[in-house]
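For reference, the structure is listed below as structure tokens.
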Amino acid sequence: MVADQEKTLTEMVSMEMGLTLLREDLALSAQDNQQVYIWPGEKTISQLCFIWSLERETSPVISALIDAVRELWDIND
């Protein structure tokens with residue numbers, strides 16, 4: 001299953017219906033609440049991408065989002 005809601009993923013795991021990757025803060029909270037078990041092995045880093053339609057790149061909303069992502073992710077172009 002592919003889901004974009006961490007709550008859905010956490011609930012599936014807590015019902016013993018699968019495995020998932022979660023942000024560390026969410027996983028630790030779920031473990032503290034005894035919803036999940038965190039495998040004590042190595043951590044992994046996943047790549048997060050922000051994409052947009054080239055046709056809308058000049059849109060003020062898209063431009064503002066791009067600027068915000070560059071600032072938050074510390075990207076200097």
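Within region 44-77, track down each residue that is in contact with an Asp or Glu (Cβ under 8 Å, 6 or more places away or on another chain) and either small (Gly, Ala, Ser) or under 22 Å from residue 8 (Cβ atoms) (or both).
If the condition is that a residue be in contact with an Asp or Glu (Cβ under 8 Å, 6 or more places away or on another chain) and either small (Gly, Ala, Ser) or under 22 Å from residue 8 (Cβ atoms) (or both), then 63 is the only one that fits.
Kindly provide the set of residues from region 22-50 that are assigned to a loop (DSSP other than H, G, I, E, B) and at pLDDT 85 or above, ordered by number. Before the answer, list the steps.
Initially, region 22-50 is screened for residues assigned to a loop (DSSP other than H, G, I, E, B), giving 22-23, 33-50.
22, 23, 33, 34, 35, 36, 37, 38, 39, 40, 41, listed by residue number.
Report the residue count in region 16-38 for those that are surrounded by 13 or more Cβ atoms within 10 Å (Cβ to Cβ) and of a type in the set (Val, Ile, Thr).
Number of matching residues: 2.
Being among the polar types (S, T, N, Q) and exposed (fewer than 10 other Cβ atoms within 10 Å of the Cβ) is the filter here, so list the residues in region 39-77 that pass it.
Matches in region 39-77: 44, 46, 47, 53, 58, 76.
In region 4-15, is there at least one residue being surrounded by 10 or more Cβ atoms within 10 Å (Cβ to Cβ), assigned to a loop (DSSP other than H, G, I, E, B) and not acidic (Asp, Glu)?
No.
The values are calculated or read from the model by the stated rules, or taken from the named source; none is laboratory data. In this text, all values refer to a predicted model and were calculated from it rather than measured experimentally. Quick reminder, even Gly has a Cβ in these numbers, built from the backbone with ideal geometry, and neighbours come from all protein chains shown.
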